[in-house]
Number of protein chains: 2
Amino acid sequence: MALFARHGYAAVSMRQIAAATGVQVGALYNHTADKQSLLFDLLSDHMDALLAALEAEALPDDPLAALEAFTRFHLRYHAARPDAVFIAYMELRNLTPDNFARVEAQRRAYEAQLEDILRRGSKAEVMRFDDAKLACLAIIALLTGVTTWFRADGRLRQSEVEDIYWSMTRRLVSA
Amino acid sequence: MALFARHGYAAVSMRQIAAATGVQVGALYNHTADKQSLLFDLLSDHMDALLAALEAEALPDDPLAALEAFTRFHLRYHAARPDAVFIAYMELRNLTPDNFARVEAQRRAYEAQLEDILRRGSKAEVMRFDDAKLACLAIIALLTGVTTWFRADGRLRQSEVEDIYWSMTRRLVSA
DNA sequence: AGACTAACTGAACAGCCGTTCAGAGCAAGA
DNA sequence: TCTTGCTCTGAACGGCTGTTCAGTTAGTCT
C-alpha cells in the first residue's frame, strides 16, 4: 500500500513489493493471484472498512447533527489512512473494468449516505442547496481534499481542522 | 496528453505514444529529450497557460465580484481541459524532485491569487471564514472536484454547473 | 545543382516486467 | 516417524521498457 501510494500502481514492480516485504518475488504468488488482485483487494477492503466504520458510527436522526457526524467521521477516518485514501482516488483507472465497477459501487453506496442526509435536511428545511447530487459531490470533494495537505505534525491539530471544515460544510448547505 | 490522462504516465510507453502520433519510437526523440521531459512540459505548459488565462481575466477589485469571477473562470477553464487537469493533479508524483518543485511553485502562484481575494474579502468584512489558507484549499478542492464527473453531454449544462458552484462557494465564505 | 538541415526509419542495446515452476525447508497431524 | 500442506528460494520464460544511432528521405537555402 505504501509503495502504491508513493509511486503509483504501474510504477511499482512485484520485485519492489517482494523486497519491501522481505521475500523473493515468487513467494508473493502464494498470497495473491496477480498484481491486479493486489490492487483490487487493497481498494475493495478499504471501501468495505470505510462503509463498516460509517455503519458503526450510528448517525443521529436529526439531519444537521447527522451531517456534522458524517463530516467529522469522514475527516477523522481519512486523515488516519492517507495511503489507502490516496490509492482509492488515484488508482481507480488501473483496475480492470469488472473490478472498477465493483469498487465504484462501493463508493456510490458511501456517497448515497451523505446524499440521504442532505435530502432529509432539505425536506426538513434546515438545509438549502440547488442540487442535492452536486452538493453531495461538492462536500465529498471538499472534505477529501484535506488528505492532500494534512499532516499530523502540521500547523493545525486534527480537531481544529475538523472544526474548521465542519464550519465550512455547514455554511455550504445552510438554509 | 490523452494517453497519460487515460492510463497514467508510468503505464504508457514511448512506443504507444509513437503509434498514436503515427511515427516510429525513435522519431519522438527529435522532439523531446526523454519521457520525463514530456510529462514536465505538459504540466508546466498547462500551469503557464492557466496563470496567463487568469491574468487575462482581469478580476474586479471588489472581493465578492472577484471571487465570482475566479470561481467561474476556474470552472470554465478546467471543464474545457479535462485531460490536462487530470494529469496536473495525478502525475505530480511522477515528476523528478526538481521538476515537481517547479510545477508546485506554479500551482502555489495560482492558489495565492485566490487567497488574496479571500483576505481582501475578509478585511472588507464581506466574507467570513476561520482560516484563509484552509478556505482557499477548500474552494480549490471543491471546484476542481467538478472535473471528475462533469460531462458536456450530461444532466447539467456548463452554465448551470457554474451557477450552482458559485452559489455554494459564496455560501462557504458568506459573512 | 549542390549543400545543409531536420525529421524519420528500423534495428539494436541492456535491463526490467509479471508470472511460472521445480525443488527445498519446515511445522503440524497421523 | 512419516506424510501432508504451506511457504519459501532461485532460476527461468517471453516480452516489453527507455533510449541510442547509423542510414534514409525530403524540404530549404545558396
Would you mind telling me which residue in A:Leu156, A:Leu54, A:Leu137 has the biggest mean-square fluctuation in a Gaussian network model of chain A, where springs connect alpha carbons within a distance under 10 angstrom? A:Leu156
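Net charge near B:Met168, counting Lys/Arg +1 and Asp/Glu -1 over other residues with Cβ under 14 Å of its Cβ?
+1
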Per residue convex hull volume, Cα only, the protein assembly as shown, in Å³ is 160 Å³
Excluding A:Val25 itself, calculate the net charge of residues whose Cβ lies under 12 Å from the Cβ of A:Val25, where each Lys or Arg counts +1 and each Asp or Glu counts -1. +2
Going by Cα centres, the stretch B:116-131 and the stretch A:65-102 are how many Å apart? 31 Å
Return one quarter of the surface area of the convex hull spanned by the alpha-carbon atoms of the stretch B:90-175, equal to its mean projected area, in nm². 6.9 nm²
Going by alpha carbons, how many degrees (0 to 90, nearest 10) lie between the helix axis of A:158-172 and the longest principal axis of chain A? 50 degrees
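Taking every pair of alpha-carbon atoms in the stretch A:27-94, give the share separated by more than 20 Å as a whole percent. Present the calculation step by step, with values, prior to reporting the outcome.
On the way: 968 of 2278 pairs.
The calculated P(r) of the stretch A:27-94 puts 42 percent of pairs beyond 20 Å.
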If you take every residue apart from A:Arg128 with its C-beta less than 14 Å away from the C-beta of A:Arg128, what net charge results, scoring Lys and Arg +1 and Asp and Glu -1? +4
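What stretch of chain A, leaving out the sites themselves, is the longest with no trypsin sites (Lys or Arg not before Pro) in a DSSP loop having at most 16 other Cβ atoms within 10 Å?
Longest site-free region, per DSSP loop and neighbour criteria: A:1-127.
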Do the sum for the protein assembly as shown: with -39,500 (n - 2.57) for every DSSP H run of n ≥ 4, divided by all residues, what is the mean residue ellipticity at 222 nm, to the nearest 500 deg cm²/dmol? -22000 deg cm²/dmol
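Going by how many other beta carbons lie within 10 Å of each one, how would you line up B:His31, B:His74, fewest first?
B:His31, B:His74
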Lysine pairs in the protein assembly as shown 8 or more apart or on different chains: how many have alpha carbons under 28 angstrom apart? 4
For the stretch A:49-63, Karplus-derived ³J(HN,Hα) couplings (6.51, -1.76, 1.60; θ = phi - 60°; whole Hz; x for glycine and proline) come out as 5, 4, 5, 5, 5, 5, 4, 5, 6, 6, 4, x, 6, 4, x
Calculated label separations, B:Asp48, copies of the chain, 7 Å along the beta-carbon direction, nm: 4.9
Degrees, to the nearest 10: A:97-123 long Cα axis against longest axis of chain A: 10 degrees
Rg(Cα)/(2.2 N^0.38 Å) for the stretch A:34-172, N = residue count: 1.08
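Read the figures in this text as sums done on the coordinates, not as results from a lab. Keep in mind that this is a model prediction, so the values were computed, not measured. Counting neighbours? That spans all protein chains shown, and the Cβs are built from the backbone with ideal geometry, glycine included.
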